[in-house]
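Let me give you the structure first, and then I'll get to my questions.
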Amino acid sequence: MSFIASSLDSRGVATLVLSRPERRNALDQAMVSELTDALRYAASDAQTRLLVLAGAGAAFCAGGDIDWMRRVASETPEANERDALLLAELMRALDTLPKPTIARVHGAAYGGGVGLVACCDIVLAADTASFCLSEVKIGLTPSIIGPYVQRAIGARQARRYFLTAEVISVAHARELGLVHEIALAEELDARVARMVEALLAGAPGAQAEAKASTAIFADHPIEESLMRETAKRIAARRGSAEGMEGLAAFLEKRPPSWRRDRNGDDVS
């Protein structure tokens, strides 16, 4: 049985839908493995330009499946840790995907669901969405997702919400930096579609490098070594086939090659 519904349109827009609505898309071993495989495929697939992550049913993702976690907890420490690493690999696969990612969030995003949100590049949420780092209420901690969530909202706010497990409204989630934009529930898909169009205007290689560069910027002070690294990168980008095509297309007042669909038609 598949817990991830996947599709790829003619523009290269991949959509992955968490499809376990009877459990509010709670993550278990099978779902984590399937989603990780789907992300790794999208990362290596030349036809995939960007990815939208969504949830079926009433919620985006209710976090970890309690039955799964109870079952794993009774196994040996080694087996327990191996299982936990599956979730860690999922978060890393999503966070480092070399293509733009959009989280389409509706309903509840709790626990691991917040982790998925924090790992996506752009988060568009319905006005009915809510968020919660609920782990401490069941004697656990947001350990695996913690680095990604803390990066998104900052250490000070992470301390509060890791400890209190308060429900975070969508409006406050935007204030915290977890959510980029809020839309009425009935307008969410249209907002996602507009964001997809904005992303398709960018060059795939440039987007992958721009995304990777954010980690470099975060880890290095602004000093000569970073200046030289950024100068080296932009020089290489200007001289790349993609960079040359983009500059030529601009001067020739035509769409660049990546703005054409698989039939060669302009998708501007």
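Read the figures in this text as sums done on the coordinates, not as results from a lab. The model shown is predicted, which means the values in this text are computed figures rather than measured ones. Backbone-built Cβ (ideal geometry, glycine too); neighbour counts: all protein chains shown.
Which distance in nm do the two modelled labels at Met244 and Ala171 give, with both placed 7 Å along the Cα-to-Cβ direction?
5.4
Follow-up. With θ set to phi - 60°, apply the Karplus curve 6.51 cos²θ - 1.76 cosθ + 1.60 along the range 82-87 and write out the HN-Hα couplings as whole Hz, x wherever there is a Gly or Pro.
Ordered by residue, 3J(HN,Hα) equals 4, 5, 4, 5, 4, 5 Hz.
Arrange Ser213, Ser10 by Cβ neighbour counts within 10 Å, fewest through most, would you? Can you show the working numbers first?
Working: Ser213 14, Ser10 11.
Sorted ascending by nearby Cβ count, the order is Ser10, Ser213.
Between Ile102, Gly205, Ser169, whose Cα lies farthest towards the positive end of the dipole of the chain when Lys and Arg beta carbons carry +1 and Asp and Glu beta carbons carry -1, centred on the Cα centre?
My answer, from the dipole projection, is Gly205.
In degrees from 0 to 90, rounded to the nearest 10, what is the angle of the helix 224-239 Cα long axis to the longest principal axis of the chain?
Compared with the principal axis, the helix lies near 60 degrees.
Oh, and also: With label points built 7 Å along Cα→Cβ from the Cα atoms of Ile66 and Ser10, find their separation and express it in nm.
Each label point is offset 7 Å from its Cα along the Cβ direction, giving 4.8 nm.
Using amide H atoms built in the peptide plane, which far-off residues or other-chain residues are under 5 Å from Val123 H to H?
Ala103, His180, Glu181
Please list, in order along the range 243-248, the HN-Hα scalar couplings obtained from phi with the Karplus expression 6.51 cos²θ - 1.76 cosθ + 1.60 (θ = phi - 60°), rounded to whole Hz, x for Gly and Pro.
With coefficients 6.51, -1.76 and 1.60, one gets x, 5, 5, x, 5, 5 Hz.
In a GNM of the chain with a 10 Å cut-off on Cα contacts, which of Ile66, Ile168, Ile138 has the highest mean-square fluctuation?
Ile138
Can you work out ³J(HN,Hα) from phi for every residue in the range 145-156, in order, using Karplus 6.51 cos²θ - 1.76 cosθ + 1.60 and θ = phi - 60°, giving whole Hz and x for Gly and Pro?
Each residue's phi maps through the Karplus curve to give 7, x, x, 6, 5, 5, 4, 6, 10, x, 5, 5 Hz.
Along Cα→Cβ, 7 Å out, is where each label goes; now give me the distance between the ones at Met1 and Ala73 in nm to one decimal.
2.3
Enumerate the aspartates and glutamates that Lys253 could reach by cross-link, defined here as Cα to Cα under 20 Å, with residues fewer than 8 away along the same chain left out.
Partners within reach: Glu197, Glu242, Glu245, Asp261, Asp265, Asp266.
As a check on your grasp of the helix formula, calculate [θ] at 222 nm for the chain: sum -39500 (n - 2.57) over DSSP H runs of n ≥ 4, divide by the residue count, round to the nearest 500. Could you put the intermediate results ahead of the total?
Numbers: 11 runs with 132 residues, N = 268.
Theoretical 222 nm ellipticity from helices: -15500 deg cm²/dmol.
Taking the Cα centre of the chain as the origin, how large is its charge dipole in debye, to the nearest 20, when only Lys and Arg (+1) and Asp and Glu (-1) carry charge on their Cβ atoms? Walk me through the numbers on the way to the answer.
Numbers: 31 positive and 35 negative charges, 98 e Å.
For the chain, the charge dipole is close to 480 debye.
Only counting other Cβ atoms within 10 Å, I'd like Lys137, Lys99, Lys253 sorted with the fewest neighbours first. Let's see the in-between values first.
Numbers: Lys137 11, Lys99 20, Lys253 6.
Listing Lys137, Lys99, Lys253 from fewest to most nearby Cβ atoms yields Lys253, Lys137, Lys99.
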